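Readers should treat all values here as calculations from the given coordinates under stated rules, not as data from a laboratory. Bear in mind that the values here come from a model prediction, so they are computed numbers and not experimental data. All Cβ positions, glycine included, derive from the backbone under ideal geometry; neighbour counts span all protein chains shown.
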Amino acid sequence: MGVTYLESVVLYLLKTIKGERTIYSLYHLFQGKRSSQTIQDAHLYQITPYFQVFPSVTRESLERMVKSLRDRNLVKEAAESKVIVTEYGMETLERSLKEKPLPVFMNGWKYHQTTEPFWERLTLLVQVCSNLVHHESSYIPVRNKKDTLFWVKQYISKQGINRYILAERLYMELASALDHENTRPELVVLRLTGYKKIGLTITQAAEMAGLEPSHYHFEFLNTLHAMLDTVLEKASDYPLLSGLVSQGEREVPLTLSTDKTYGLIQKGYSLEEIAAARNLKQSTIEDHVVEIVLSIKGFNIDAYVSPEKQKKILQAARDNSARKLKQIKERVSDATYFEIRLVMAKYGEEQWN
Amino acid sequence: MELKGYLNGFFKFDDFRPGQQETIESVLTESHTIAMLPTGTGKSLCYQLPGYLLDGAILVVSPLLSLMQDQVEQMMAMGEKRVIALNSFLTPQQKAKALTELERYKFIFISPEMLGMDFVLASLRKLKISLFVVDEAHCISQWGYDFRPDYLRLGELRQQIGQPLTLALTATAAREVRADIAEKLCLDQWKEVVYSVDRPTISMVIEHADTFQEKLERTVELVKFLQGPGIVYFSSKKIAEQAAAYMRENGVRKVMAYHGGLDSESRILIQQQFINGQLDVVCATSAFGMGINKENVRFVIHFHMPLQIESYLQEIGRAARDGKDSTAILIYSPGDEQLAFQLAEGELPDRYQIERLFAYLKDHKLGYKELAQYTEDLIRICGFTEIQWRIVEEYLSSLSHTDLDLDSHSLIQMIERRLAVKNGKVRKMIEYVHAQECKRSVILKAFNEKPEKRPEYCCSICGVDMDHYKKMEPGDNEMLIKLDWKQDLASILLLSERIK
């Protein structure tokens, strides 16, 4: 028996976390919960592409899906709220992925802040340009957020070029940026609204493409993110499109509270001092540091873990594929959990696996 | 210049619709005016045109946020930039900014709760308000089907901003409701412009179905047979979705469901697709249609009956705006009455919810001013729906002082009165469905009107030949799936002569 696309994604993720985390960790991942735990796990298991890619998921719907997977013997319970994929589940997953592969360009972690505003601005810009070249000034904008409307209006006037050139340039950039192997640009184009042509809703576009809605959703994100890769890599070739991505949104920002901690660290304060000054628990500040390590490449952790100890921890981690802090701690008894988490956050992806 | 000249100059229309000219003339001679104009006659023009002729701002009170938003967007789409909506959609910063530069705006839309705020009133008092418009004015009357407690203060607020010239607009208000409107707004003298609720170009048909399934099948049959575009109204989001899916499975291609549960992008797109002719049919809840200007709606089907004749008229009135013959079909099946009574009751909070609310207020020593802060808690603790909560909040925030025991009692009484009114409205609706005399005359009687000339296509009692509404062009021009996305993109962004 086959699985739906969404089920195959969930199966793949369950396979990756190997029953070491609860099914709710997937819920937080899909939701894009900005907690140190979720962010750290996403890096640890290399499932960052799935960060915040499915915010409409509910706890109940995930529970229902896992239950259905279990009823069909695709997964089995390992512990409370934890499941592992059965052999049959593995086979089914493999078959399903051969036919409908996972989205390879989708990158939730990198683009979770960018996607929504980019898409809002893009759809509005396309609609405005289309109506401009057709000299139509009376139409209802597809976006009703005041901020977006204002932003796009400013953006167009800032270009300072005539309407025909603007629309043509937008066309050229889109036609080139969307032209990407292993993506499906038509899924994006179907949604665009122009002069006397209203774009399709997600439901309609999925139906038109003959895909189940969640499959459509992932393919859509995959195509959009591949386009963002192209646009941001060669921003000078795509001045109009890259301009739709605000500077602040290009890098993964820290959560507000972590950002404050980061500021204080840079001023040279110790973690104890920061905890005291901010009236927060030391463990909270430690969570912040882990998040900083995950988000800011090149952040040096030597001040918190001696290079010597880092080596020891890494060694223990390599020998130990279960990735449980506890097991590492047993091997490196003089290391604290905080130190282990820092090392894992820093080297997790390249060296660990 | 004559009024028509202005009409053409500002709006590019050649002629007024019924009632518009009389209403505008009445306003321009500085008479307070209550205008009852049937839906689809362009009520907003009655204040927009005077807006361009009068010196000063037009202040429009509107009860529904979505309606207000639609109106503002439409005016902006027409190129009017001096228009703003003051409502809870604005952030505090946007609000503060708007209030300091109010004199920049010609048309100010405002929700009743905003109007009741002291700092808003203070800003408004500095303005020259040439016309005070109360939209959906029947909401002010307890006899109206859509009474809103926060409308009760409008009379007092109107005095506070210097008793400006006033225009009350409504689509459906029987005589006693109109008198009530004048009284509540504290108008001593006023003119009434009353147009018949009758829409002779819309035939009124009642059909019977024995079961839900039969009703569903009949609906699909009708949708396939009738010339579109059309709207099918449901009282449940879920059934609207199911019916749309069922229609698609059964060969109706261009159909979508529309209801308040959709995300805002989908709502905009579906609405615009319908207006643009990309959809033939919308399976909708009553959330659909307000503020939509589509001239050529040819049929309106009611899968569920509305809770009052007033809503029914409003909904069928979305058809035939271009003056061409259209039909309104209500399909009744046994048990629909109970559903209607249940829905009517469910819109109001019950006694136990109110008692629980007041117990909580007492225990926590909360005043009515603090209600907003505790909204979430109170909704959860008392199990209010959004609509129920709105009624409670509107009522309590309209009270000037607090006496928990007294107010609890008076709120429960108010609700019981409302329920009696609502049940009465449902009964009238049911009577209409079952009436064995001309349907049109039943409706006209409900509004104290005498039937005049009976149109050729009148109602199912007088007899209607449904072939008159049969689909003209059979094979609908199906939207082709172009495989070439680049070509699609080009057709959106480039003029056709530029596409190679």
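So who's got an amide H within less than 5 Å of the one on B:ALA257, skipping anything under 5 residues away but keeping other chains? H placed 1.01 Å off N, in plane.
B:CYS283
Listing A:CYS129, B:CYS458, B:CYS283 from the residue with the fewest other Cβ atoms within 10 Å to the one with the most, what is the order?
Lowest count first: B:CYS458, A:CYS129, B:CYS283.
Enumerate the calculated ³J(HN,Hα) couplings along region B:391-402 in order (Karplus 6.51 cos²θ - 1.76 cosθ + 1.60, θ = phi - 60°), each rounded to whole Hz, writing x wherever the residue is Gly or Pro.
4, 4, 5, 4, 5, 5, 6, 8, 7, 8, 10, 10
How many angstrom lie between the Cα centre of region B:424-466 and the Cα centre of region B:51-78?
Here the answer is 34 Å between Cα centres.
May I ask for the angle, rounded to the nearest 10°, between helix A:307-318 and the longest principal axis of chain A, with both axes built from Cα atoms and the value confined to 0 to 90°?
Roughly 80 degrees between the two axes.
Trypsin sites (Lys or Arg not before Pro), restricted to region B:278-368: which are DSSP loop and have at most 16 other Cβ atoms within 10 Å?
Taking region B:278-368 and a limit of 16 other Cβ atoms within 10 Å, the loop trypsin sites (Lys or Arg not before Pro) found are B:LYS324, B:LYS365.
Can you list which of the GluC sites (Glu not before Pro) found in region A:1-82 are DSSP loop residues with at most 14 other C-beta atoms within 10 Å?
Within region A:1-82, the qualifying GluC sites (Glu not before Pro) (loop, at most 14 other Cβ atoms within 10 Å) are A:GLU80.
Report the relative contact order of region B:63-122, percent, no decimals, based on alpha-carbon pairs under 8 angstrom and at least 6 residues apart.
Once normalised by length, the contact order is 39 percent.
Under the rule of at least 5 residues apart or a separate chain, name every residue whose amide H is placed under 5 Å from the amide H of A:PHE51.
A:GLY108, A:TRP109
Using θ = phi - 60° and the Karplus curve 6.51 cos²θ - 1.76 cosθ + 1.60, what whole-Hz ³J(HN,Hα) does each residue of region B:265-280 get, with Gly and Pro shown as x?
4, 4, 4, 4, 5, 5, 4, 6, 4, 5, 4, 7, x, 7, 10, 8
Name the long-range amide H neighbours of B:ILE34: under 5 Å, sequence gap of 5 or more, or other chain; modelled H, no Pro or chain starts.
B:ALA168, B:LYS191, B:GLU192, B:VAL193
Taking Cα atoms, how many degrees apart are the long axis of helix A:282-295 and the longest axis of chain A, rounded to 10 and kept between 0 and 90?
Value to nearest ten degrees: 50.
List the relative contact order of region A:115-250 as a percent without decimals, with contacts defined as Cα pairs under 8 Å and 6+ residues apart.
It rounds to 29 percent for region A:115-250.
Roughly how far apart, in whole Å, are the Cα centres of region A:163-225 and region B:351-387?
Each part reduced to its Cα centre gives a spacing of 47 Å.
First select every other residue whose beta carbon is under 14 angstrom from the beta carbon of B:GLY335; then total the charges, Lys and Arg +1, Asp and Glu -1.
-3
Please give me, ordered by residue number, the GluC sites (Glu not before Pro) of region A:181-252 that lie in loop per DSSP and have at most 14 other Cβ atoms within 10 Å.
For GluC sites (Glu not before Pro) across region A:181-252 that sit outside H, G, I, E and B with at most 14 neighbouring Cβ atoms in 10 Å, the list reads A:GLU181, A:GLU251.
For B:CYS438, B:CYS459, B:CYS382, what ranking results if the residue with the fewest other Cβ atoms within 10 Å of its Cβ goes first?
With the fewest neighbours first, B:CYS438, B:CYS459, B:CYS382 line up as B:CYS438, B:CYS382, B:CYS459.
Cα-Cα over 30 Å: which of B:LYS128/B:LYS294; A:LYS33/A:LYS329; B:LYS106/B:LYS184; A:LYS110/A:LYS260; B:LYS369/B:LYS425?
Over 30 Å apart, Cα to Cα: B:LYS128/B:LYS294; B:LYS369/B:LYS425.
At A:GLN154 and A:LYS98, where each label point lies 7 Å from the Cα along Cα→Cβ, what is the point-to-point distance in nanometres?
In this crude label model, A:GLN154 to A:LYS98 measures out at 5.4 nm.
Using the scaling law 2.2 N^0.38 Å as the reference, what is the normalised Cα Rg of chain B?
Dividing the Cα radius of gyration by 2.2 N^0.38 Å gives 1.02.
Could you check how many percent of all C-alpha pairs in region B:88-190 are farther apart than 22 Å?
Roughly 32 percent, once rounded to a whole number.
With an 8 Å cut-off on Cα pairs and a minimum separation of 6 or more residues, tell me the relative contact order of chain B in percent.
Across chain B, relative contact order equals 15 percent.
Whole-Hz Karplus ³J(HN,Hα) for region A:143-155, in order, using 6.51 cos²θ - 1.76 cosθ + 1.60 and θ = phi - 60°, x for Gly and Pro?
Working through the residues one at a time gives 10, 10, 6, 4, 4, 5, 4, 5, 4, 5, 4, 4, 4 Hz.
Decide, for chain A, between rounded, prolate and oblate: order the square roots of the alpha carbon gyration tensor eigenvalues as a ≥ b ≥ c, take rounded if a/c falls under 1.5, and otherwise choose prolate if a/b is larger than b/c, else oblate.
oblate
Sort B:GLU249, B:GLU156 so that the residue with the fewest other Cβ atoms within 10 Å of its own Cβ comes first and the one with the most comes last.
Neighbour counts put them in this order, fewest first: B:GLU249, B:GLU156.
Can you list the aspartates and glutamates whose alpha carbon is less than 16 Å from that of B:LYS4, not counting same-chain residues fewer than 8 positions off?
Candidates past the 8-residue exclusion: B:ASP14, B:ASP15, B:GLU22, B:GLU25.
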